[in-house]
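Shown next, in structure tokens, is the structure this report addresses.
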Amino acid sequence: VKVSMAQMMDILRDEALALAQEQYDVSFYCEPGLDVYGNELQLRSVCSNLISNAIRYTEPGGKIEVSWRKIASGGLFSVKDNGEGIAPQHIGRLTERFYRVDSARSRQSGGTGLGLAITKHALNHHQSELNIASQLGKGSTFSFIIPPNLIEFNQQDGD
Ligand code: ATP
Ligand code: MG
């Protein structure tokens, strides 16, 4: 089934702005005409978890950048934050069920540690995997690429 990513990004933006409570600088970019053949509920829950994590693990006043764009190898979704970051020894384990880094914010935030395990599973269904780049104290970027065979791109003329 074709998922309208422009529509989904609108919903995600509303959700993000509500979560951010005007305490974060939230920016969204959505490539026009770039859609995915896949499961809408799964894709939305993936993106929604990555965005809520970025807000949850970033101090108020921080910056969250969400983007969906066409690249040579498919459709790239990414969420970048300038929050607490993740130490290298934890990065490989984040998609394990119930795994949480025991940072001050994790202790406070009371998540279950299931979000990224579900995310990994849902991305597998879309021939994709989660990429995590992070620097402790500087921030993190969570991203995934949907391969060309699962995307449709109708380039906009822009005139
Ligand atoms: P939930 O099940 O409610 O999503 P959770 O957010 O703790 O709970 P995950 O989404 O799986 O669970 O994330 C696992 C852990 O990875 C988090 O507890 C946190 O320690 C770390 N983490 C995830 N995203 C970020 C981020 N953007 N910055 C820093 N740490 C993060
Ligand atoms: Mg989470």
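Nothing in this text is a laboratory measurement; each read-out follows from the coordinates by a stated rule. Everything quoted here is computed from the prediction, not taken from an experiment. Counting neighbours? That spans all protein chains shown, and the Cβs are built from the backbone with ideal geometry, glycine included.
Does region 38-51 hold any residues that are touching a residue at least 12 places away in the same chain (Cβ under 8 Å), assigned to a helix (DSSP H, G or I) and surrounded by fewer than 19 Cβ atoms within 10 Å (Cβ to Cβ), and which are they?
Listed by number, the residues that qualify are Glu40, Gln42, Arg44, Ser45, Ser48.
If you scan region 1-17, which residues turn out to be surrounded by 11 or more Cβ atoms within 10 Å (Cβ to Cβ), of a type outside the set (Ser, Thr, Tyr) and touching a strand residue (DSSP E or B) at 6+ places or on another chain (Cβ under 9 Å)? Don't jump to the end; show me each part of the working.
So in region 1-17, the residues surrounded by 11 or more Cβ atoms within 10 Å (Cβ to Cβ) come out as 2-13, 15-17.
Within this subset, residues satisfying the condition of being of a type outside the set (Ser, Thr, Tyr) are 2-3, 5-13, 15-17.
Those that are surrounded by 11 or more Cβ atoms within 10 Å (Cβ to Cβ), of a type outside the set (Ser, Thr, Tyr) and touching a strand residue (DSSP E or B) at 6+ places or on another chain (Cβ under 9 Å): Lys2, Val3, Met5, Ala6, Met8, Met9, Asp10, Leu12, Arg13, Ala16, Leu17.
Looking for whichever is in a loop (DSSP other than H, G, I, E, B), more than 7 Å from ligand 1 (Cβ to nearest atom) and either within 26 Å of Gln23 (Cα to Cα) or touching a residue at least 12 places away in the same chain (Cβ under 8 Å) (or both) here; the options are Gln127, Gln108. Which one fits?
Answer to the check: Gln127.
Tell me which residues, restricted to region 18-32, are surrounded by fewer than 16 Cβ atoms within 10 Å (Cβ to Cβ) and in contact with a strand residue (DSSP E or B) (Cβ under 6 Å, 6 or more places away or on another chain).
Selection gives Asp25, Ser27, Tyr29.
Considering (1) over 27 Å from Ser4 (Cβ atoms); (2) loosely packed, with under 13 Cβ neighbours inside 10 Å; (3) of a type in the set (Lys, Arg), say which one Arg69 fails and leave the rest.
Answer for Arg69: the failing condition is (1).
Do you know which of the residues in region 72-90 that are within 15 Å of ligand 2 (Cβ to nearest atom) and either of a type in the set (Asp, Glu) or farther than 22 Å from Val26 by Cα (or both) is nearest to the chain's Cα centre (by Cα)?
Asp81
Any chance you could count how many residues in region 98-124 are surrounded by 14 or more Cβ atoms within 10 Å (Cβ to Cβ) and on the phi > 0 side of the Ramachandran plot?
1
Restricting to region 1-37, name every residue that is over 14 Å from Ser67 (Cα atoms), among the aliphatic types (A, V, I, L, M) and not in a loop (DSSP other than H, G, I, E, B).
Val3, Leu17, Ala18, Leu19, Ala20, Val36
Could you tell me how many of the residues in region 53-83 are out of contact with any helix residue (DSSP H, G or I) (no Cβ under 6 Å at 6 or more places or on another chain), of a type outside the set (A, V, I, L, M, F, W, C) and not in a strand (DSSP E or B)?
The qualifying residues number 9.
Take the residues in region 132-157 that are of a type outside the set (Val, Ile, Thr), part of a strand (DSSP E or B) and more than 13 Å from ligand 1 (Cβ to nearest atom), then tell me which one is surrounded by the most Cβ atoms within 10 Å (Cβ to Cβ).
Filtering region 132-157 for residues that are of a type outside the set (Val, Ile, Thr), part of a strand (DSSP E or B) and more than 13 Å from ligand 1 (Cβ to nearest atom), the one surrounded by the most Cβ atoms within 10 Å (Cβ to Cβ) comes out as Phe144.
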